[in-house]
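Okay, so here's the structure we're looking at.
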Amino acid sequence: MNPDEPEDDDNTPEEEEWQLYSTAGYAAAEDPWEDLVEVEDDKEEEEEWFDGDDFETNGQTLDWDSPPCPAPLGIAHMIRLGTCNHCLHRVGGRRTEETGEKGGAALRAEAFAKDKELESFEAPDLCPLCENLFEDVDNIVERIVEETGELDHGSLQVGVHVPKDLIQEEDRIRTRHAAPGSRPLKAAFSEAVQTGVSARMDGVEFVKERPDLMILIDCLTLRIDVDIRPVFIYGRYRKLDRGIPQTRWPCRACRGRAEGCEACEGTGLQYPDSVQDLIGEPFRLVLSAEDTSFHGMGREDIDVRCLGRGRPFVLEAKRPKVRRTDLEEVMEVVNSNASGKIEISDLRWTNRSEVSRIKETRAEKSYTIRFSIEEPPEESFIVESISNLSGVTLEQQTPKRVSHRRAEKKRKRKVVSIDNVVVEDNEVQFSVRCEAGTYVKELVHSDEGRTVPSVAGVLGSPCEVIWLDVEDIHAD
Ligand SMILES: [Zn+2]
Ligand SMILES: [Zn+2]
């Protein structure tokens with residue numbers, strides 16, 4: 001935000017601005033996993049039949065006429081292909097006392113007992129269905145337990161990236177030879193990992209959406225990434241002091257680099273305080289989070305107070321190691337640390353969808369505004385002229401002060417009501433309620449005729465805004 005930010009709570013989304021100044025613009029907070037294929041929805045079911053691409057094992061073309069599992073010949077065929085015990089169990093289609101690798105071992109022993117030759121058959125070492133991926137399950141489970149042990153979490157989601165050619169090959173073999181309804185590789189692998197993790201950690205729950213922790217396993221590199229999902233807190237803030245920007249504002253001289261510069265005394269900040277940090281820092285500490293993002297229902301200018309019931313906001317705490325805390329306690333810490341500057345209330349836990357709601361809500365707002373007038377006319381004329389603006393629709397050309405970063409356009413905004421017009425010598429104060437997105441200072445001084453009608457216009461004398469307070473945001 002700039003010091004000349006419109007004080008009008010303009011809710012028009014401005015991507016550019018968010019990305020520049022928000023610590024992690026909402027726009028940038030895209031889900032890095034969104035391209036992830038849901039494990040359960042593994043539907044790469046291209047029907048693919050014999051294509052002449054014969055498997056050759058020990059110089060012999062395999063007999064494609066062998067029946068699929070669970071027929072004993074089908075199982076024997078899978079063994080000859082080099083299928084590992086894990087995969088044998090999942091494609092065999094036979095009930096065994098044990099599952100997973102042990103289940104497969106049982107099927108293998110059974111097959112060997114039926115066909116002695118099978119045992120001496122030199123099958124390939126690498127399982128064609130999984131390339132021995134299941135051998136890594138224990139190792140992967142171990143690392144997941146290590147990496148998540150310190151974290152507070154109730155729910156996990158596992159995502160698995162399997163190389164595409166392996167998936168295709170596995171699917172091809174499974175389609176022909178596996179028992180109907182066999183679990184595909186990805187789902188089976190994910191399940192094996194989940195079973196392993198559940199056995200090692202108490203009370204862990206696996207979910208398909210909105211997990212606390214997202215675990216991505218890359219089966220090619222065996223790399224594991226743990227994505228700690230943010231937590232969201234809704235509340236309302238009152239800004240009692242002028243000179244505090246809503247979001248953290250990087251130093252202009254050094255562009256907010258971590259070590260700062262002389263101009264910002266090493267803080268990296270243009271202003272030491274921001275609503276974001278006055279609220280966010282106590283939460284960041286309590287939740288052991290890396291950073292915060294602040295989403296307000298609109299915003300007020302740096303020199304504008306926000307009173308009344310306060311402005312709704314959602315605080316996003318990123319990569320929190322702790323996910324739950326007593327909101328009342330943190331609220332007291334915030335309110336006592338920021339005493340005289342800001343005050344928060346109505347806290348509750350929420351989720352990302354409320355961020356969109358907050359950003360999209362276009363609420364009417366009430367303000368008190370005070371201005372000076374160069375040549376004040378009669379008091380009664382002032383009161384009557386200003387009161388007569390109640391109910392008018394303003395035509396507002398993009399103010400000059402923001403025109404360098406906003407498209408030039410004309411908007412229409414309604415003045416819902418005006419009252420409490422008070423005249424004191426050459427200063428005038430009044431209350432106004434208007435539509436979301438009204439440029440309120442311009443309503444007074446007219447921005448050189450770019451806002452019509454205006455207070456300066458009806459009074460026939462230049463007016464200068466002294467201060468402005470948001471009295472209420474008519475939402476929630
Ligand atoms: Zn296998
Ligand atoms: Zn600096």
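No value in this document is a laboratory result; all are computed from the given coordinates. Because the structure is a prediction, the values reported are computed rather than measured. Positions of Cβ are backbone-derived with ideal geometry, glycine not excepted, and every protein chain shown enters the neighbour counts.
See the values below:
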{"read-out": "Of Lys321/Lys341; Lys365/Lys441; Lys116/Lys186; Lys239/Lys409; Lys318/Lys365; Lys239/Lys414, those spanning more than 22 Å from alpha-carbon to alpha-carbon", "value": "Lys321/Lys341; Lys116/Lys186; Lys239/Lys409; Lys318/Lys365; Lys239/Lys414"}
{"read-out": "Amide proton proximity set for Gly266, modelled H, under 5 Å, gap of 5+", "value": "Cys261"}
{"read-out": "Value at 222 nm in deg cm²/dmol, rounded to 500, when DSSP H runs of n ≥ 4 in the chain each add -39,500 (n - 2.57)", "value": "-8500 deg cm²/dmol"}
{"read-out": "Student exercise, the chain dipole from Lys, Arg, Asp, Glu Cβ charges, in Debye to nearest 20", "value": "920 debye"}
{"read-out": "Net charge of Cβ neighbours under 9 Å - reference His89; Lys, Arg +1; Asp, Glu -1", "value": "+1"}
{"read-out": "Principal-axis tilt of helix 327-337 within the chain, Cα atoms, nearest 10 degrees", "value": "40 degrees"}
{"read-out": "In order through the range 244-257: 3J(HN,Hα) via Karplus (6.51 cos²θ - 1.76 cosθ + 1.60), integer Hz, x for Gly, Pro", "value": "10, x, 6, 10, 3, 10, x, 4, 5, 5, 10, 6, x, 5"}
{"read-out": "Which of Met297, Met331 has the fewest Cβ neighbours within 10 Å, and the rest in rising order", "value": "Met331, Met297"}
{"read-out": "The range 398-476: GluC sites (Glu not before Pro) falling in loop per DSSP and having at most 16 other Cβ within 10 Å", "value": "Glu408, Glu448"}
{"read-out": "Prolate/oblate/rounded call for the range 214-312, Cα gyration tensor, a/c under 1.5 rounded", "value": "oblate"}
{"read-out": "Simple Cβ-charge dipole of the range 223-297, Lys/Arg +1 and Asp/Glu -1, about Cα centre, in debye nearest 20", "value": "360 debye"}
{"read-out": "Principal axis dimensions, the range 341-433 - Cα atoms, whole angstrom, descending", "value": "54, 35, 27"}
{"read-out": "Cα-based convex hull, the chain, per residue volume (Å³, whole number)", "value": "192 Å³"}
{"read-out": "For the range 294-306, 3J(HN,Hα) per residue [Karplus equation, 6.51 cos²θ - 1.76 cosθ + 1.60, θ = phi - 60°, Hz, x = Gly/Pro]", "value": "10, 10, x, 7, x, 7, 10, 5, 4, 9, 10, 7, 10"}
{"read-out": "5 angstrom amide H check on Arg450, placed H, neighbours 5+ away", "value": "none"}
{"read-out": "Convex hull volume of the range 132-228 per residue (C-alpha atoms, cubic angstrom)", "value": "105 Å³"}
{"read-out": "Cβ-placed point charges (K, R +1; D, E -1), dipole of the range 132-228 about Cα centre in debye, nearest 20", "value": "640 debye"}
{"read-out": "The range 181-190 - phi-based ³J(HN,Hα) in whole Hz, Karplus 6.51/-1.76/1.60, Gly and Pro as x", "value": "x, 5, 6, x, 3, 4, 5, 5, 5, 4"}
{"read-out": "Which of Thr221, Thr451, Thr96 has the fewest Cβ neighbours within 10 Å, and the rest in rising order", "value": "Thr221, Thr96, Thr451"}
{"read-out": "Which of Trp349, Val432, Leu129, positive extreme of dipole for the chain (C-beta unit charges)", "value": "Val432"}
{"read-out": "Counting DSSP beta bridges with both ends in the range 132-228, the antiparallel % (nearest 5)", "value": "45 percent"}
{"read-out": "Residue order, fewest to most surrounding Cβ atoms within 10 angstrom, among Trp467, Trp249", "value": "Trp467, Trp249"}
{"read-out": "Cα pair count fraction exceeding 15 Å, expressed as % - the range 236-279", "value": "40 percent"}
{"read-out": "Dipole-positive endmost among Ala199, Ala475, Pro72 within the chain (Cβ charges, Cα centre)", "value": "Ala475"}
{"read-out": "DSSP bridge pairs, the chain: antiparallel proportion in percent, nearest 5", "value": "85 percent"}
